[in-house]
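K.L.:
Next up is a structure, given as structure tokens.
Nothing in this text is a laboratory measurement; each read-out follows from the coordinates by a stated rule. In this text the structure is predicted, and so the values were computed from the model without any measurement. Heads up, the Cβs are rebuilt from the backbone with ideal geometry, glycines too, and the neighbour counts pull from every protein chain shown.
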Amino acid sequence: MTKKDFIQQANAIKLIVDLAERKRTAEIFALTNFKANPRFNKDTFFQACNVE
């Protein structure tokens with residue numbers, strides 16, 4: 001997966017209104033993304049998802 005894919009995921013996740021559900025979804029995607037790309041940055045992804 002590429003940075004472009006991660007950006008698309010984050011843009012979709014940040015549309016989730018419920019904060020708890022948004023955080024849970026971001027965590028699931030972060031785990032999967034890290035397995036696909038060891039250079040994946042969870043903190044940056046969470047910021048992009050509006051989870052922080």
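K.L.:
Rank 45, 13, 26 by how far each Cα sits towards the positive end of the charge dipole of segment 3-48 (+1 on Lys, Arg Cβ; -1 on Asp, Glu Cβ) and give me just the farthest.
P.N.:
45
K.L.:
Any idea what the dipole of segment 3-48 comes to, in debye rounded to 20, about its Cα centre with Lys/Arg Cβ at +1 and Asp/Glu Cβ at -1?
P.N.:
160
K.L.:
In nanometres, what is the gap between the two model label sites at residue 1 and residue 47, each 7 Å from Cα along Cα-to-Cβ?
P.N.:
Rounded to a tenth, the inter-label distance reads 1.9 nm.
K.L.:
Quick one: P(r) of the chain from all Cα-Cα pairs, 5 Å bins, percents rounded to integers, in order of increasing distance.
P.N.:
P(r) over the chain, rounded to whole percents: 4, 24, 37, 23, 9, 2.
K.L.:
Nearest 0.05, what FRET efficiency do residue 28 and residue 8 give at R0 = 22 Å with Cβ-Cβ as r? Let's see the in-between values first.
P.N.:
Values: r = 16 Å, r/R0 = 0.71.
After rounding, the FRET efficiency stands at 0.90.
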